[in-house]
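Just so it is clear, none of the values below were taken in a lab; they were calculated from the coordinates. Computed from a predicted model, the values in this text were never measured in an experiment. Please note: Cβ atoms are built from the backbone with ideal geometry, for glycine as well, and neighbour counts cover all protein chains shown.
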Amino acid sequence: MTRQRLLNHFKTEDWLAVGAGLIIMILAIVMPDWMPTMPKTLDTLGSWQNIVILIAGLFVIVYAACKILGRPARGILPSLLVIFAVALGAQYIASSPVIKDTTGLESVFFAVALGLLISNTVGVPKWMRPALQSEFYVKIGLVLLGTTVIFGEIMQAGALGLIQALVVVFCVWNFGYWVARKLGVDREMSTMLASAVSICGVSAAIATCGAIKGDSKKLSYVISLVLVVAIPMMYFMPYLAKWMGLTPEVAGAWMGGTIDTTGAVVASGSVLGETAEKYSVIVKFSQNVLLGLAAFAISIYWSYKGKDHREKPTAGVLWERFPKFVLGFVLASLIFSFAMPLETAKSVGAVTKNLQGTFFAIAFVCIGLETRFKDIFNKSFKKPLWGFLIAQGFNIVLTLVVAYLLFAHISD
């Protein structure tokens, strides 16, 4: 491979997300005290300094990516400023005492809500579109998510969570795909829907889209669907768990295995106390661990049963299809799991987690801005909607059974 071909190989959004994520990770390791955070209030000089640093960093990342990828770079700054302002507003709403104490909703949910509100009322002007790159932001956030997935901690806290994740992901993925295909949903959409329901929601949908080189419009629909469904589940599942008399361990494992976003899982688990929150996070992180394996398996599957059924699953084909940002996620997890002391990994991980939340908040603002309710409830998407809901119902029932069998005997 010539030097130019090698450079072209790395000129993709996935590799740029990996590079950006790893640079942020290195900076967090080298100078954690200097890393900016998304401020919860605007009444201090430090808060405004954080805002300036975050905007400057985001601008450099997005501008450089556009230049490298050959995308239009003009108008990125004003577009990014508005998107960041909406994400900051979501953070402010989520951190207000009334919202925090009564709902526990994280900023990502308000980010989506505000984006949807703007998109479905006044609309999104053309000048705001240059920085609307939701997949790129999520991919960087997923690389940073790897810094919080500590293998030893997960295995020590609950290998049972990994067993539950393996059983549920395998069964729900196959059922979700089968249901969607029976309803007449195309293979591409069925694959993304099945992954979103069974593995870890938005993260899995994006990884799957990368593995099958899917349609970005279909991906936006799936992501919006995941987030819209996660909100009522986050509210009702803790009360269902109380009504059924589930132990905190079983309730946490149940919610961790069914609610499709990590933030919603934490919020739901916390309603039932520290024990339920602990087990919900263990199971959700166990599913996150499976993200890389799932992306690899889907790459193989799609090579056999893709659009034209002609592409043989050679090593080159699998490498081309495999979403490279998942490699960044795995690499970050391996570094923080095995190359650093646990206390240091957790300390630095707290810094990267905050930045991960910033990228997710900005990404979800973009997703909201790119989504219109008329598209979600469009007649052409009626079958995918029913497929998703049926698969989610199966996921809820199966995960409850598996969680009860594995965790009912545990008591603190």
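Here are some notes:
- Ordering of 340-351, 220-231 by burial proxy (mean other Cβ atoms within 10 Å per residue, highest first): 220-231, 340-351
- Long hydrophobic helices in the chain: the complete DSSP H runs spanning 24 Å or more by Cα along their own axis with mean Kyte-Doolittle hydropathy of at least 0.5 are 13-30, 45-69, 76-95, 151-182, 216-244, 342-370, 382-407.
- Anisotropy class of the stretch 139-216 from Cα gyration tensor, a/c 1.5 cut: oblate
- Stretch gain in nm, segment Leu117-Lys382, where the contour uses 0.36 nm per residue and the Cα spacing is subtracted: 93.2 nm
- Fluctuation leader among Leu116, Leu42, Leu54 - the chain, Gaussian network, Cα springs under 10 angstrom: Leu42
- Pairwise label distance in nanometres, Leu405 with Arg372, each label 7 Å out on the Cα-Cβ vector: 4.7 nm
- Förster radius 22 Å - calculated FRET efficiency between Cys171 and Leu240 (Cβ-Cβ, nearest 0.05): 0.55
- Residue separation of Val52 and Ala339 scaled by 0.36 nm, minus their Cα-Cα distance, works out to 100.1 nm of gained length.
- Spin-label pair Lys353/Lys11, simplified geometry with 7 Å Cα→Cβ offset, distance in nm: 3.9 nm
- Over the chain: Kirkwood hydrodynamic radius from C-alpha pairwise inverse distances, Å: 21.6 Å
- Max mean-square fluctuation residue, GNM over the chain, Cα-Cα springs under 10 Å, options Lys284, Lys353, Lys374: Lys374
- FRET E, pair Ala73, Lys213, Förster distance 35 Å, beta-carbon r, rounded to 0.05: 0.90
- Separation of the stretch 325-391 from the stretch 180-202 is 17 Å, based on Cα centroids.
- Residues considered: Gly21, Gly368, Gly123. Largest GNM mean-square fluctuation over the chain, using C-alpha springs under 10 Å, is found at Gly123.
- Cα-centred dipole magnitude for the stretch 112-190, charges only on beta-carbon of K, R (+1) and D, E (-1), debye, nearest 20: 280 debye
- Cross-link pairs beyond the 25 Å C-alpha cut-off, checked among Lys40/Lys218; Lys67/Lys126; Lys213/Lys383; Lys126/Lys217; Lys182/Lys213; Lys278/Lys353: Lys40/Lys218
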